[in-house]
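The values are calculated or read from the model by the stated rules, or taken from the named source; none is laboratory data. Just so we're clear, the structure is a prediction, and the values are computed from it rather than from any experiment. Note that we place each Cβ from the backbone using ideal geometry, even for glycine, and neighbour counts take in every protein chain shown.
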Amino acid sequence: MSSAVLYLAIVAVWAVVLVPMWLRRDTSRPKKTDEITEETPVEEEEEAPPPAPRRRGRAAVIARRRRRTFGLTVLVLATTVVAATGLAPWWTVLPATVLFAAHVALLRVAVRIDAARRRERAAVAAAAARARAERAAAERAAAQQNADVIELDPRPQDEVFDQYADDRRVVGE
């Protein structure tokens, strides 16, 4: 009885690993086709629907982590229930628990790495912003040094327009 449960636990652990891999397998790989020559009759080609776009980057990594966490949690719960009901010895919970603990430890490391990458990107962005600001300041300083100063004829300060003056003239006189 205990060897059957052990085999069942091994199958369950492998299912947690292999089933998601099988579900995510890449079906969009181009199949090798033979070259068509003039003598070979061309048969009707079936139009396959375009493959669904795969998520890339950060979202795919997070989704993969969630799926793995969920699968390992279900595995730990299942082995705990099986051991609690007496269908398997208590130590059958250990492999699933060790896998779950290792996964959580890897998640902690991944969080630290993600935080370090965010800090690095922020530092690079800040350095780029500083460089842009320094470049703009240098361009403004260069533009101010090369600017031509145009002297305008100053108006005499003592002439003030007086609308009530006696010698007002109409434009064009």
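Residue-wise test of (1) modelled with pLDDT under 65; (2) under 21 Å from the mean Cα position of the chain (by Cα); (3) loosely packed, with under 10 Cβ neighbours inside 10 Å; (4) among the aliphatic types (A, V, I, L, M).
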position: Glu39; (1), (2), (3), (4): yes, no, yes, no
position: Val42; (1), (2), (3), (4): yes, no, yes, yes
position: Pro49; (1), (2), (3), (4): no, no, yes, no
position: Thr73; (1), (2), (3), (4): no, no, no, no
position: Thr85; (1), (2), (3), (4): no, no, yes, no
position: Val98; (1), (2), (3), (4): no, no, no, yes
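You will find that of Ala141, Ala128, the residue that is modelled with pLDDT under 95 and surrounded by 10 or more Cβ atoms within 10 Å (Cβ to Cβ) is Ala141 and no other. Count of region 87-96 residues, restricted to those that are surrounded by 15 or more Cβ atoms within 10 Å (Cβ to Cβ) and in contact (Cβ under 8 Å) with a residue 40 or more places away in the chain, is 4. Quick check, is Arg66 over 22 Å from Trp22 (Cβ atoms) and exposed (fewer than 11 other Cβ atoms within 10 Å of the Cβ)? So Arg66 fails the test.
If you go through region 101-122, how many residues are more than 12 Å from Arg65 (Cα to Cα) and either in contact with a Pro (Cβ under 9 Å, 6 or more places away or on another chain) or surrounded by 12 or more Cβ atoms within 10 Å (Cβ to Cβ) (or both)?
Qualifying residue count, region 101-122: 2.
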